[in-house]
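These notes concern the structure reproduced below.
The values are calculated or read from the model by the stated rules, or taken from the named source; none is laboratory data. Worth saying up front: this structure is predicted, and the values here are computed from it rather than measured. Backbone-built Cβ (ideal geometry, glycine too); neighbour counts: all protein chains shown. Remember, those area values only see protein heavy atoms, side chains included, never the ligands or the DNA or RNA. Shrake-Rupley method; radii C 1.70, N 1.55, O 1.52, S 1.80 Å.
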2 protein chains.
Amino acid sequence: MPSPIPLNQEISLTVIKTACSNCNLRELCLPFGLSLDELERLDDLISTRRRIKRGDHLYRAGESFDSIYAIRSGFFKTDVLLEDGRDQVTGFQMAGELLGLDGISTEHHTCNAIALEDSEICAIPFNRLESLSREIHNLQHHFHKVMSREIVRDHGVMMLLGTMRAEERLAAFLLNLSQRFTARGFSHAEFYLRMTREEIGSYLGLKLETVSRAFSKFQEEGYIAVQQKHIRILNVSGLKALMNHRC
Amino acid sequence: MPSPIPLNQEISLTVIKTACSNCNLRELCLPFGLSLDELERLDDLISTRRRIKRGDHLYRAGESFDSIYAIRSGFFKTDVLLEDGRDQVTGFQMAGELLGLDGISTEHHTCNAIALEDSEICAIPFNRLESLSREIHNLQHHFHKVMSREIVRDHGVMMLLGTMRAEERLAAFLLNLSQRFTARGFSHAEFYLRMTREEIGSYLGLKLETVSRAFSKFQEEGYIAVQQKHIRILNVSGLKALMNHRC
DNA sequence: GCGTTGGCTTGATCCATGTCAACCGGAAAT
DNA sequence: ATTTCCGGTTGACATGGATCAAGCCAACGC
């Protein structure tokens, strides 16, 4: 009979893979600020991991809500549909961010969440999250902060849509992406866009042609280098100035 | 010596005035769905009532956060300021609605809340609300719903700002106000605007002249009757059609 | 290797809304 | 009663971004 040790190692590897306590995103995600002990209790709650292929829905508007989702890897967009067919991208989400908070309000999802690349998510049953956060003050407080942050983010987008012109919007968008990639240990200056010009346009309240023209303009002026979805930021402060100055 | 009875009555009147359990907004506000017993525990928490005069700030962006606020009577706007001086109204709030949720995220308020008429608010110390909602499941869940509803509302505004044209935006705005007045027992068809054309414009991402022209247009077409801030809606379905149809 | 396809770029033109300016009317101040 | 002021309305004109249209490029299937 073979020694049990290798087997145990394998099992323990699997456990490591699925646990918040060993997730390298834990400082960005729901577990932020929890003690080891508290982390383990959170681990128990997150039983389901799921792979979502590029183009597939994580959930659809109208579906009944029972979980929120933490992105373990990959990239998503959320969009809302109006009766008359118009739609708008309401956000782009990356690893460590939460999806589905909109569903708490009515017990039904109010937007679609679609993977922009092959992704992996952790499903967090919401009633169990509520009951655990009644016991773990840190978890409760952090969850409230995450929801509040979402509200603040939305206000930022409203500001952008309400007061900024096309180039300012795109500059703000690029700087925001750059900052979020940095927080995840990627280059702040060089990244691949996971979304099309049309999706960027939808998010920013612009047509895809306008987005494309703004990219070209930024390139001409030496702020960035664009090659399709590959972006290099050459002049961060230039972009910032462009965003803030009323010209 | 006079009988103590009148005195007691006076005291009890004061208590009635300040308690959630006797507030006629309790079904719209935080106490929604609580039992009598739970309501009384919430009463203990809401010690501070405050009057805010028209034009005064309830809080300012940058101030440190420790309470959220329930509007007992009156009308508020919230606005965000950009470094370069641009600002935008992010919402209008009426009786029964909560203010200050944006502050949870960073422990500092991120917008200004300004009374548009003489108003009265209940201050709810946030750490005490968190600790009470660890004990009262209903309170916890309802609070989560309220935050989520705010996120959904913001998505609606993003949709409006990103995809609708001027008249559609104003129609959506009027219908939303009408619906909220109705929920508070006021006429759905006739109300006074508490905000200026400029504030409406800021909220809707339009200039005040555009707002004014849209009002005039609606009046010409017989959808509404406008006289300064007094609005009568004459044709709800007309407004709805205007909002939904891609023309 | 060649054609097809989807996403992107660029140019020409149009139009909704912004901008600038004049005027109006009611409310508050003198 | 008169003046001032603020918010609102309306008109003339300017413009940023939408729309329409053509063409380009890279990836992919055959």
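Convert each backbone phi in the range A:231-237 into a coupling constant with the Karplus relation 6.51 cos²θ - 1.76 cosθ + 1.60 (shift: θ = phi - 60°), then list the ³J(HN,Hα) values in order as whole Hz, x for Gly and Pro.
Coupling constants for the range A:231-237: 10, 10, 8, 9, 8, 4, 5 Hz.
Over the alpha-carbon set of the protein assembly as shown, work out the extent along each principal axis and list the three values in angstrom, largest first.
94, 60, 40
What residues have an amide H closer than 5 Å to that of residue A:54, excluding those fewer than 5 places away on the same chain, when H is modeled at 1.01 Å from N in the peptide plane?
Answer set, sorted by chain and number: A:118, A:119.
At 7 angstrom along the Cα-to-beta-carbon line, where would the label on residue A:125 sit relative to the other copies? Give the distances in nm, shortest first.
With the label placed 7 Å along Cα→Cβ, residue A:125 yields 3.6 nm.
Provide the FRET efficiency to the nearest 0.05 for the residue B:209-residue B:186 pair, computing r from the beta carbons and using R0 = 30 Å.
Efficiency for this residue pair is about 0.55.
At a 10 angstrom cut-off on C-beta neighbours, averaged per residue, how do the peptides B:87-97, B:116-126 rank from highest to lowest? Intermediate results must be reported in sequence, preceding the final value.
Details: B:87-97: 21.5, B:116-126: 19.5.
Put in order of decreasing packing, that is B:87-97, B:116-126.
Size of the dipole of the protein assembly as shown about the Cα centre, Lys and Arg at +1 and Asp and Glu at -1 on the beta carbon, nothing else charged, in debye to 20? Let's see the in-between values first.
Numbers: 60 positive and 64 negative charges, 224 e Å.
Roughly 1080 debye, rounded to the nearest 20.
Give me a single rounded figure for A:90-97: the average over its residues of other chain Cβ atoms within 10 Å of their Cβ. Before the final figure, lay out the partial values.
Values: counts 8, 2, 0, 0, 0, 0, 0, 0.
The mean count of partner-chain Cβ atoms within 10 Å per residue comes to 1.
Report the charge-dipole magnitude of the range A:4-136 in Debye, nearest 20, computed about the Cα centre from +1 at each Lys and Arg Cβ and -1 at each Asp and Glu Cβ.
On the way: 14 positive and 22 negative charges, 73 e Å.
It works out to roughly 340 debye.
Taking residue B:57 in one copy and the same position in all the others, each labelled 7 Å out along Cα→Cβ, what are the pairwise distances from the first, in nm, shortest first?
4.5
So what's Rg/Rh here for the range B:5-160, counting alpha carbon atoms and using the Kirkwood radius for Rh? Before the final figure, lay out the partial values.
On the way: Rg = 16.3 Å, Rh = 16.5 Å.
Radius of gyration over Kirkwood radius for the range B:5-160 works out to 0.99.
Cα axis of helix B:208-220 to longest principal axis of chain B: angle in degrees, 0 to 90, nearest 10?
80 degrees
I'd like the orientation of helix A:126-135 relative to chain A: the angle between its Cα long axis and the longest Cα principal axis, in ° from 0 to 90, rounded to 10.
Result, in degrees: 70.
Which ³J(HN,Hα) values, rounded to whole Hz and listed in residue order, are derived for the range A:44-54 from phi using the Karplus coefficients 6.51, -1.76 and 1.60 in 6.51 cos²θ - 1.76 cosθ + 1.60 with θ = phi - 60°, glycine and proline given as x?
So the J values, rounded to whole Hz, are 4, 7, 8, 8, 9, 10, 9, 9, 10, 6, 3.
What average count of beta carbons from other chains do you get within 10 Å of the Cβ of residues in A:82-88?
Details: counts 8, 3, 6, 2, 7, 3, 8.
Partner Cβ neighbours, averaged per residue: 5.
About its Cα centre, how strong a charge dipole does chain B have in debye, to the nearest 20, once Lys and Arg get +1 and Asp and Glu get -1 at the Cβ? Don't skip to the end; give the middle numbers.
On the way: 30 positive and 32 negative charges, 154 e Å.
Roughly 740 debye, rounded to the nearest 20.
Let me know the Kirkwood hydrodynamic radius for the range B:164-244, please, with Cα pairs as the basis and the value in Å to one decimal. Provide the component values of the computation, followed by the final result.
Values: mean 1/r = 0.0802 Å⁻¹.
Kirkwood radius, the range B:164-244: 12.5 Å.
Given chain A, what count of lysine pairs have C-alpha atoms under 19 Å apart, with each pair 8 or more places apart or on different chains? Don't jump to the answer; show the numbers that get you there.
Working: A:53/A:77; A:77/A:207; A:77/A:229; A:207/A:217; A:207/A:229; A:217/A:229; A:217/A:240.
Going through chain A pair by pair, I get 7.
Using a 1.4 angstrom probe with every protein chain in place, what is the largest-first accessible-area order of A:108, A:141? Could you put the intermediate results ahead of the total?
Working: A:108 80, A:141 45 Å².
Greatest to least solvent exposure: A:108, A:141.
Ordered shortest first, which distances in nm separate the 7 Å Cα→C-beta label point of residue A:35 from those of the other copies?
In ascending order, 3.1 nm.
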